[in-house]
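Written below as structure tokens is the structure these notes are about.
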Amino acid sequence: MMTVESMPQKYPTESDLYLFHEGTLHEGYKVFGAHYEVGGENDGFRFTVWAPHALNVSVVGDFNQWDASKNPLAAVKNSGVWTGFVSALGEKERYKYAIQTLSGSIVLKADPYAFFAEVRPHTASMTSRLNRYQWSDHQWMKQKEKTDTYHRPMSIYECHLGSWKKKKDGELFTYRELADELVNYVAKNNFTHIELMPIMEHPYDRSWGYQITGYFAPTSRFGNPEDFMYFVDTCHSQGIGVILDWTPAHFCRDTHGLGKFDGTPLYEPIDPKLADRPQWGTYNFDFTKNEVVSFLISNARFWLDIYHVDGFRIDAVSSMIYLNHNGDLPFEVKNKFGGDENLEAIEFLKKMNASVFIKFPSALMIAEEATDYPLVTAPVDQGGLGFNYKWNMGWVHDILKYMQFDPIERKYHHNLITFSMLYAYSENFILSFSHDELVYGKRSLLNKMPGDEWQRFANFRVLYGYFMTHPGKKLLFMGSEFAQFDEWKDLEQLDWNLFDFKTHRAFYTYSTRLNKLYKEMSCLWRLDPEQEGFEWIDPNNSEQSIISFIRKGKRKGDYCIVICNFTPHVYHNFKIGVPSEGNYLEMFNSDEKEFGGSGQLNTEPIVASANPYHNQLFSMAVTVPPLGFSIYMKQTKKRSRVLAEKD
């Protein structure tokens with residue numbers, strides 16, 4: 001076995017190795033993997049891999065007829081790291097590591113730090129250079145460093161690239177084709193961000209990317225690394241931020257992946273009871289190993305650095321925090337203090353977020369966390385986990401449960417639509433109508449709604465209106481914007497043929513128009529994280545199933561009145577308290593005929609008089625549409641002109 005002690009080379013340095021084993025090598029992608037170098041007379045690639053229990057490691061590929069004897073790597077003394085240079089090696093060369101285990105057998109493994117992989121079902125890594133793409137998003141990158149996301153609009157379009165839209169022959173669109181089709185669509189529909197279900201390399205389509213083998217490689221299903229850079233670049237040129245789903249909780253068991261990488265449990269815990277995740281058929285990451293911590297934090301920094309993405313939605317955070325969260329083990333696991341918390345995973349999350357924000361202070365670090373674990377979005381130095389956003393899964397559960405009741409029954413469950421305001425400011429929340437709510441027989445959002453066809457669409461409109469005006473950022477899964485009737489079918493494209501039907505076209509117009517209004521109406525987001533930005537007018541009208549509230553901006557007079565009616569009854573001369581006198585204009589009404597409604601509108605200015613009501617000094621009388629949602633603002637010359645132009 002060859003040993004490298006002082007061989008002159010750029011990587012890995014002694015400092016790199018020290019930080020790697022300490023768990024603080026947060027740019028490990030510059031050290032490990034396959035990197036193009038000039039090697040004397042010949043250019044080629046340097047390969048570096050961590051395999052501490054291997055007897056020997058070599059690089060094999062088409063270039064050496066997959067012969068493990070031709071390109072052996074050298075062990076860097078006392079580090080468990082192997083490295084070596086292969087000259088005259090170009091790009092897009094297939095390769096794997098041939099690892100001789102302690103038993104003497106040879107296993108072929110894909111590179112954990114590979115930047116590219118061949119198209120499934122093949123599993124080899126591919127040599128690649130990532131430094132040649134010419135980015136054009138300099139203005140975006142500069143501007144976002146100055147942007148305070150907490151006090152800006154954020155409406156996220158969650159998307160699965162493989163089933164958003166397909167070609168006529170069923171083939172997938174490429175990253176570059178999606179940059180034209182998908183990005184234009186998202187911008188046209190007035191979303192501010194797109195969230196991609198995992199695009200890191202994964203072997204099985206139906207895992208939706210949540211069981212990963214190539215953490216540093218954008219999946220080759222849709223093209224090469226430069227193609228994905230072009231996709232992100234195009235998003236930024238259209239003013240769209242890019243969020244990636246990311247899975248640091250567990251990884252794929254496939255034999256070419258991270259599992260038992262050097263013949264022993266390496267990235268996963270040694271104890272099989274702690275390693276296995278039966279519910280998903282995966283392995284858990286071992287957060288007690290500093291090298292694993294270095295790997296994962298490097299991976300987060302990699303996508304922000306090399307691909308200019310704007311943040312992550314971190315999957316399954318609850319299952320990382322709690323040892324027994326999934327409840328799929330026949331025994332109970334305890335930490336060293338006898339508790340249920342995974343202390344090492346919690347420490348990892350804190351280190352990860354701290355490291356990301358040091359280098360990328362504007363990054364979005366969003367936790368999918370479904371428990372009442374405290375301070376998920378509080379800074380690490382204040383005792384929190386350090387995320388800056390968390391999915392509000394409690395609100396989603398309650399509102400969808402409420403909406404599925406017949407309107408006659410809703411008055412008995414009124415607390416389901418008001419309870420969220422008791423904790424709305426305990427974290428920085430994103431309201432998420434995600435793919436999780438629309439699969440496995442849960443039905444689409446439209447199909448969850450009760451009643452006949454008209455009532456279903458009207459129910460969906462008032463639900464969408466409450467969603468867009470409730471405190472918190474917004475996330476909507478693809479297809480919901482045009483009221484897809486069937487739940488998500490991951491092997492098929494969205495039901496674009498629904499645009500042939502007037503009802504779906506009308507809902508699409510409604511959602512697009514409301515998204516636009518949300519972006520333009522600063523009172524809906526300017527004070528999103530502060531309690532001062534929200535005030536109930538009447539949360540207690542359970543008998544009529546009507547709620548009303550005020551959303552406030554920072555400037556004096558910047559506010560709107562929101563009324564949601566969750567029954568099919570029309571109410572004329574409905575009295576409501578308002579904070580100031582003068583004329584009010586109905587800025588938006590879900591019951592417009594253009595949206596598929598019945599046309600119960602307030603077309604003339606409404607006079608607020610000095611008659612106190614609902615703890616407000618003034619009041620006005622309006623028409624409340626059936627299963628309707630409406631927004632009112634004080635009349636100004638500009639607002640009158642905008643409404644006149646719309647008419």
For segment 27-79, give me the residue count where each residue is surrounded by fewer than 23 Cβ atoms within 10 Å (Cβ to Cβ), within 21 Å of residue 108 (Cβ to Cβ) and touching a helix residue (DSSP H, G or I) at 6+ places or on another chain (Cβ under 7 Å). 2
Can you find a residue that is closer than 21 Å to residue 198 by Cβ, basic (Lys, Arg) and under 19 Å from the mean Cα position of the chain (by Cα) anywhere in segment 312-320? yes
Complete set of residues in segment 569-618 that are hydroxyl-bearing (Ser, Thr, Tyr) and under 28 Å from residue 507 (Cα atoms): 571, 584, 590, 598, 603
If the Cβ limit is 8 Å and pairs must be 6+ apart or interchain, which residue in segment 1-20 that is in the same structural domain as residue 293 (by TED's automatic domain parsing) pairs with which residue that is among the aromatic types (Phe, Trp, Tyr) and modelled with pLDDT of 90 or more? 9/85; 12/20; 12/32; 20/50
Residues to consider are 145, 201; find the one that is within 30 Å of residue 425 (Cα to Cα), of a type in the set (Asp, Glu) and in contact (Cβ under 8 Å) with a residue 60 or more places away in the chain. 145
So which strands (runs of 3 or more DSSP E) are wholly in segment 258-369 and hold at least 2 residues that are free of Cβ contacts under 8 Å to residues at least 60 places away in the same chain? 282-284, 364-367
Subset of segment 211-231 (residues that are of a type in the set (Ser, Thr, Tyr) and touching a Lys or Arg at 6+ places or on another chain (Cβ under 6 Å)): 230
Looking at (1) part of a strand (DSSP E or B); (2) under 20 Å from residue 521 (Cα atoms), which is the only condition residue 573 fails? (2)
Within segment 296-314, can one find any residue that is farther than 28 Å from residue 138 by Cα and either in the same structural domain as residue 122 (by TED's automatic domain parsing) or buried (at least 19 other Cβ atoms within 10 Å of the Cβ) (or both)? no
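Does segment 72-90 contain at least one residue that is within 25 Å of the chain's Cα centre (by Cα) and part of a loop (DSSP other than H, G, I, E, B)?
Keep residues of segment 72-90 that are within 25 Å of the chain's Cα centre (by Cα), which gives none.
Checked segment 72-90: no residue is within 25 Å of the chain's Cα centre (by Cα) and part of a loop (DSSP other than H, G, I, E, B).
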Search result, residues across segment 154-194 that are at pLDDT 95 or above and among the small types (Gly, Ala, Ser): 155, 162, 163, 179, 187
Answer yes or no: is there a residue in segment 213-227 that is assigned by TED's automatic domain parsing to the domain that holds residue 296 and part of a helix (DSSP H, G or I). no
Out of the residues in segment 510-531 meeting the condition of being in contact with a helix residue (DSSP H, G or I) (Cβ under 6 Å, 6 or more places away or on another chain) and assigned to a helix (DSSP H, G or I), tell me which one is farthest from residue 454 (Cα to Cα). 524
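Each row is one residue, and each column tells you yes or no for (1) of a type in the set (Ser, Thr, Tyr); (2) within 18 Å of residue 465 (Cα to Cα); (3) without any contact (Cβ under 8 Å) to a residue 60 or more places away in the chain.
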{"residue": "547", "(1), (2), (3)": "no, yes, no"}
{"residue": "550", "(1), (2), (3)": "no, yes, yes"}
{"residue": "562", "(1), (2), (3)": "no, yes, no"}
{"residue": "578", "(1), (2), (3)": "no, no, yes"}
{"residue": "595", "(1), (2), (3)": "no, yes, no"}
Out of 516, 502, report the one residue that is touching a residue at least 60 places away in the same chain (Cβ under 8 Å), under 22 Å from the mean Cα position of the chain (by Cα) and surrounded by fewer than 16 Cβ atoms within 10 Å (Cβ to Cβ). 516
When residues of segment 1-52 are limited to those that are assigned to a loop (DSSP other than H, G, I, E, B) and among the hydrophobic types (A, V, I, L, M, F, W, C), the one modelled with the lowest pLDDT: 7
Of 316, 275, 300, the only residue that is in contact with a helix residue (DSSP H, G or I) (Cβ under 6 Å, 6 or more places away or on another chain) and small (Gly, Ala, Ser) is 300
Which listed residue is of a type outside the set (Gly, Ala, Ser) and part of a strand (DSSP E or B), from 416, 431: 431
I need the full set of residues from segment 576-597 which are under 36 Å from the mean Cα position of the chain (by Cα) and part of a loop (DSSP other than H, G, I, E, B), in order please. 590, 591, 592, 596, 597
With the condition kept exactly as written, say whether any residue in segment 453-461 is closer than 23 Å to residue 438 by Cα, out of contact with any Cys (no Cβ under 7 Å at 6 or more places or on another chain) and among the acidic types (Asp, Glu). yes
Qualifying positions in segment 198-210 - farther than 22 Å from residue 28 by Cβ, touching a Lys or Arg at 6+ places or on another chain (Cβ under 9 Å) and crowded, with 20+ Cβ neighbours inside 10 Å: 203
Would you pick out the residues in segment 453-492 that are more than 22 Å from the chain's Cα centre (by Cα), small (Gly, Ala, Ser) and part of a loop (DSSP other than H, G, I, E, B)? none
Specify the residue that is surrounded by the most Cβ atoms within 10 Å (Cβ to Cβ); the eligible residues are those in segment 532-552 that are polar (S, T, N, Q) and either under 29 Å from the mean Cα position of the chain (by Cα) or assigned to a loop (DSSP other than H, G, I, E, B) (or both). 545
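If you go through segment 173-180 one residue at a time, do you hit one that is of a type in the set (A, V, I, L, M) and more than 15 Å from the chain's Cα centre (by Cα)? Don't jump to the end; show me each part of the working.
Step one: filter segment 173-180 for residues of a type in the set (A, V, I, L, M), giving 178-179.
Next, from what is left, pick out any that are more than 15 Å from the chain's Cα centre (by Cα): 178-179.
Checked against the condition, which is being of a type in the set (A, V, I, L, M) and more than 15 Å from the chain's Cα centre (by Cα), segment 173-180 yields at least one hit.
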Scanning segment 603-631 for residues that are crowded, with 19+ Cβ neighbours inside 10 Å, under 16 Å from residue 571 (Cα atoms) and not β-branched (Val, Ile, Thr) gives 620, 625, 626, 627, 628, 629, 630
Considering residues of segment 626-646 that are assigned to a loop (DSSP other than H, G, I, E, B) and either in contact with a strand residue (DSSP E or B) (Cβ under 6 Å, 6 or more places away or on another chain) or not assigned by TED's automatic domain parsing to the domain that holds residue 591 (or both) only, the residue modelled with the lowest pLDDT: 635
Do you know which residues across segment 435-452 are assigned to a helix (DSSP H, G or I) and either more than 13 Å from residue 490 (Cα to Cα) or touching a residue at least 40 places away in the same chain (Cβ under 8 Å) (or both)? 435, 437, 445, 446, 447, 448
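The values are calculated or read from the model by the stated rules, or taken from the named source; none is laboratory data. Computed from a predicted structure; not experimentally measured. Glycine also receives a Cβ, built like all others from the backbone with ideal geometry; neighbour counts cover every protein chain displayed.
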